[in-house]
């Protein structure tokens, strides 16, 4: 069948993703991929040093496509970072964080369909026997989209890593290959 893809072909498509060298503050590693969402999947986990941010990037592929995907691939992501309490109170934070995602995808020239997602902010205050804990707040961006071409899958991962860096408050860099560290495999 013309729609069939072999494991070898999928592995060739994702090889650039699994060999990407990230900026030195980000540790990227492969993790077990979900087994029941699509016939083929890759999962990567990323942590920004000093626990500034964490996240996951999952690339799903179904040669037949799936309802709601508008294509044969789907990127499913999340990024989470601690933020200042004042930032968590900003009523525009959701729109701003979603704009970070859109701008990162544009920066890396990603063509995609069917974007969806949520931006969540959480502020926690402790009381009683926990009152000695500092107040905390977090930002979480969950997003998915359908890459329109298998030729630029690496760009989608780079855009997500850019989003993670923004969430962590890292300074932007133009070339993620500079000062890079190798991907860790689990």
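Listed values, structure above:
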read-out	value
Top-ranked residue in the stretch 45-61 [being touching a helix residue (DSSP H, G or I) at 6+ places or on another chain (Cβ under 7 Å) and assigned to a strand (DSSP E or B); ranked as nearest to residue 72 (Cα to Cα)]	61
Flag if residue 48 is touching a strand residue (DSSP E or B) at 6+ places or on another chain (Cβ under 6 Å), closer than 30 Å to residue 83 by Cβ and in contact (Cβ under 8 Å) with a residue 60 or more places away in the chain	yes
Residue identified as surrounded by 19 or more Cβ atoms within 10 Å (Cβ to Cβ) and in a loop (DSSP other than H, G, I, E, B) among 167, 110	110
Identity of the residue in the stretch 114-158, touching a helix residue (DSSP H, G or I) at 6+ places or on another chain (Cβ under 7 Å) and over 22 Å from residue 66 (Cβ atoms), that ends up surrounded by the most Cβ atoms within 10 Å (Cβ to Cβ)	141
Unique residue being surrounded by 15 or more Cβ atoms within 10 Å (Cβ to Cβ), in a helix (DSSP H, G or I) and touching a residue at least 24 places away in the same chain (Cβ under 8 Å) when the list is 5, 27, 14	14
Conditions (1) surrounded by fewer than 18 Cβ atoms within 10 Å (Cβ to Cβ); (2) over 20 Å from residue 171 (Cα atoms); (3) free of Cβ contacts under 8 Å to residues at least 40 places away in the same chain; (4) out of contact with any helix residue (DSSP H, G or I) (no Cβ under 9 Å at 6 or more places or on another chain); number of the one not met by residue 90	(4)
Among residues of the stretch 30-45, those that are crowded, with 20+ Cβ neighbours inside 10 Å and free of Cβ contacts under 8 Å to residues at least 60 places away in the same chain, counted	4
Test: residue 155 is closer than 23 Å to residue 9 by Cβ and at pLDDT 95 or above	yes
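The values are calculated or read from the model by the stated rules, or taken from the named source; none is laboratory data. Values in this document were obtained by computation on a predicted structure and should not be read as measured data. For neighbour counting, all protein chains shown are included, and Cβ atoms are generated from backbone atoms with ideal geometry for every residue, glycine included.
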